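The values are calculated or read from the model by the stated rules, or taken from the named source; none is laboratory data. Just so we're clear, the structure is a prediction, and the values are computed from it rather than from any experiment. Ideal geometry is used to build each Cβ from the backbone, glycine not excepted, and the neighbour counts take in all protein chains shown. With ligands, DNA and RNA removed, areas are computed over all heavy atoms of the protein, side chains included. Shrake-Rupley method; radii C 1.70, N 1.55, O 1.52, S 1.80 Å.
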Amino acid sequence: MNERFMAVWGMPILLGILTTIGLISALLGDGLWDAVSALALGAPVAVGGWFSLRRKKH
Amino acid sequence: MSNQSLRRWSWIHKWSSLVCTVFMLLLCLTGLPLIYHHEIGHLLGNDVEAPALAPELAANPPRANLDDVIAAGKALYPGKIMMYMSQEIDEPAIWNVTLGDHPNDEHYKPIAVDARTAKVITEPAFEGGAFMSTMLRLHVDLFAGLPGMLFLGFMGLLLIVAIVSGVVLYAPFMRKLEFGTVREGRTKRLKWLDLHNLLGIVTLVWALVVGATGVVNTLADVLLKVWQATEIAAMLEPYKNAKPPERMASMDAAVKTAMAAEPGMQVAFVAFPGTPFASPHHYGVFMRGDQAFSSRLYKPVLIDAETGVITDHRDLPWYLTALLISQPLHFGDYGGGWMKFLWAMLDLATIAVLGSGLYLWVKRGRKAKAGVKDSVDAAQPAQPAQPALARTGESR
């Protein structure tokens with residue numbers, strides 16, 4: 001597990017964990033649990049949206 | 001990763017995706033309106049609302065006798081028999097009653113009956129109206145019944161293979177790139193390759209979960225048949241030579257009996273004799289808990305349809321519990337409005353992954369024609385004019 005590994009897999013692993021938290025949290029309860037779920041599940045959407053829609057300046 | 005294994009994984013990724021992509025696009029497109037079926041039903045005027053009660057009643061709404069609720073539905077279709085009656089967890093004022101010509105009638109009549117006054121509210125549009133019904137059938141079974149369901153389940157398995165092989169290929173593609181790099185200004189194909197990798201990896205866990213739970217859902221009918229052949233059959237052992245019930249016991253009394261047997265639980269739905277959720281001799285009263293998680297799980301209470309006495313109540317077997325838990329995880333209907341929105345966004349991202357994958361395959365480019373698999377382009381340094389995937393296949 002070297003630096004390169006984390007550079008490639010760090011973000012995917014983080015997003016995977018957040019997605020999992022988001023999917024499970026709302027199953028366990030309502031109210032706060034739903035809010036946690038929305039934030040956690042929002043992470044992959046936000047990251048995907050940010051990197052695919054941003055335009056680099058040339 | 002060696003060139004050979006890279007080539008192997010590319011082959012797996014290419015073919016598993018190619019076979020399922022068209023169907024997955026269809027499922028993503030039809031799934032989108034299904035996420036918002038409540039809102040669409042509201043817009044189309046197909047949703048059912050319980051009428052307001054007189055103020056003196058509204059404070060403490062009465063509960064109508066269930067036998068009167070059933071009678072109200074039956075009065076509309078005297079020739080038909082009861083199949084199911086159910087309540088949504090957030091709408092205790094309505095009983096959804098279904099009547100059919102026989103216990104497995106696919107063209108059943110849905111009727112909404114006021115649970116407080118036992119008056120018919122309306123006959124709701126079948127499966128939410130023509131549009132939603134078409135979306136649902138395309139999504140569930142392609143209008144082809146059980147074979148269609150199982151076929152889509154198989155396509156879902158291929159999707160899982162495609163996702164896993166895609167993850168394996170992600171590392172060699174990203175070896176020298178920062179996360180989220182989208183190389184613009186070079187070839188269009190390169191940009192879409194980067195977007196494919198980016199959106200594929202961010203939707204990874206969601207797509208795996210929705211794909212896998214979708215596969216489980218396609219097995220619903222099969223699992224139900226297994227349950228009937230094993231547990232229901234065991235519960236029916238004492239009824240081997242019994243004639244079908246002649247006189248039906250009071251449903252109101254049966255439900256009260258069931259609620260007394262399972263305190264703290266609510267009735268989710270009642271299956272009438274002969275339906276897949278009951279037996280020819282029983283009412284199947286399916287109870288659910290009142291907590292976020294327990295409300296997803298059912299506990300069946302089987303009640304003799306002639307005597308109204310409890311025959312058996314037991315927990316669902318693990319495979320039906322798995323089915324019930326897989327449903328919310330597939331539908332995204334358990335976390336409120338934000339979850340629905342995120343479900344729709346992830347669905348759109350998946351459409352982009354599928355579409356870009358197809359595009360990348362169509363635009364394999366000159367390399368493919370030259371007989372070199374583009375995704376496994378070997379260790380040679382790229383020619384300046386063709387920088388596209390030169391970095392991908394270097395052996396370690």
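Farthest toward the positive end of the dipole of region B:180-339, out of B:V255, B:S295, B:A220, is the Cα of B:A220, where the dipole comes from beta carbon charges about the Cα centre. For B:H139, the solvent-accessible surface computed with a 1.4 Å probe is close to 40 Å², ligands and nucleic acids excluded.
Its Cα gyration tensor gives region B:184-315 an equivalent ellipsoid; the semi-axes, largest first and in whole Å, are 47, 17, 10.
Between region A:10-27 and region B:92-152, how many Å separate their Cα centres? Using only Cα atoms to place each centre, the spacing works out to 35 Å. For region B:57-150, which trypsin sites (Lys or Arg not before Pro) are in a loop by DSSP, counting at most 11 other Cβ atoms within 10 Å? Within region B:57-150, no trypsin sites (Lys or Arg not before Pro) qualify (loop, at most 11 other Cβ atoms within 10 Å). Helix B:145-174 versus the longest principal axis of chain B: what angle, 0 to 90°, nearest 10, using Cα atoms? Between helix and principal axis, roughly 30 degrees. Rounded to the nearest angstrom and listed largest first, the equivalent-ellipsoid semi-axes of region B:115-246 from its Cα gyration tensor are 47, 22, 13. Within the full protein context, the accessible area of B:M345 is estimated at about 60 Å² for a probe radius of 1.4 Å. Within the full protein context, the accessible area of B:D67 is estimated at about 50 Å² for a probe radius of 1.4 Å. Each distinct pair of alpha carbons in chain B adds a 1/r term; the inverse of their mean, the Kirkwood radius, is 24.3 Å.
Dipole check for chain B: with +1 at the C-beta of Lys and Arg, -1 at the C-beta of Asp and Glu, and the Cα centre as origin, the magnitude is about 2860 Debye.
Can you compute the FRET efficiency between B:A58 and B:Y239 using 1/(1 + (r/R0)^6), with r the Cβ-Cβ distance and R0 = 30 Å? Round to the nearest 0.05. Efficiency computed from Cβ-Cβ geometry: 0.10. Partner shielding of B:180-186 amounts to 3, given as the average count of beta-carbon atoms from other chains within 10 Å of each residue beta-carbon.
Round to a whole angstrom and tell me the spacing of the C-alpha centers of region B:163-204 and region B:1-80. For region B:163-204 versus region B:1-80, the Cα centre distance is 33 Å. Placing R0 at 56 angstrom, the Cβ-Cβ distance between B:T187 and B:A71 gives a FRET efficiency of 0.20 after rounding to 0.05. Sparse packing (at most 15 other Cβ atoms within 10 Å of the Cβ) combined with a DSSP loop state is found for the following chymotrypsin sites (Phe, Trp or Tyr not before Pro) in region B:44-145: B:F143.
Partner shielding of B:171-177 amounts to 3, given as the average count of beta-carbon atoms from other chains within 10 Å of each residue beta-carbon.
To the nearest 10 degrees, how steeply does helix B:204-218 sit against the main Cα axis of chain B, on a 0 to 90 scale? Rounded to the nearest ten degrees, it is 40. Ranking B:W361, B:M82, B:Q327 by Cα position along the charge dipole of chain B, where only Lys, Arg, Asp and Glu carry charges on their C-beta atoms, puts B:W361 farthest toward the positive end.
Straight-line reach from B:K340: taking Cα to Cα under 14 Å and skipping same-chain neighbours fewer than 8 places apart, the aspartates and glutamates in range are A:D34, B:E39.
In this model, which of B:K74/B:K119; B:K14/B:K363; B:K74/B:K109; B:K243/B:K299; B:K119/B:K299 are farther than 19 Å apart at the alpha-carbon? Those over the limit are B:K243/B:K299; B:K119/B:K299.
Neighbouring Cβ atoms from other chains, within 10 Å of the Cβ of residues in B:288-294, number 2 on average.
The listed residues B:F23, B:F154, A:F51, B:F272 rank as B:F154, B:F23, A:F51, B:F272 when sorted by accessible area, largest first, using a 1.4 Å probe.
Volume of the convex hull of the protein assembly as shown (Cα atoms only), normalised per residue: 181 Å³. Of B:L297, B:L76, B:L152, the order by accessible heavy-atom surface (1.4 Å probe, DNA, RNA and ligands excluded), from most exposed downward, is B:L76, B:L297, B:L152.
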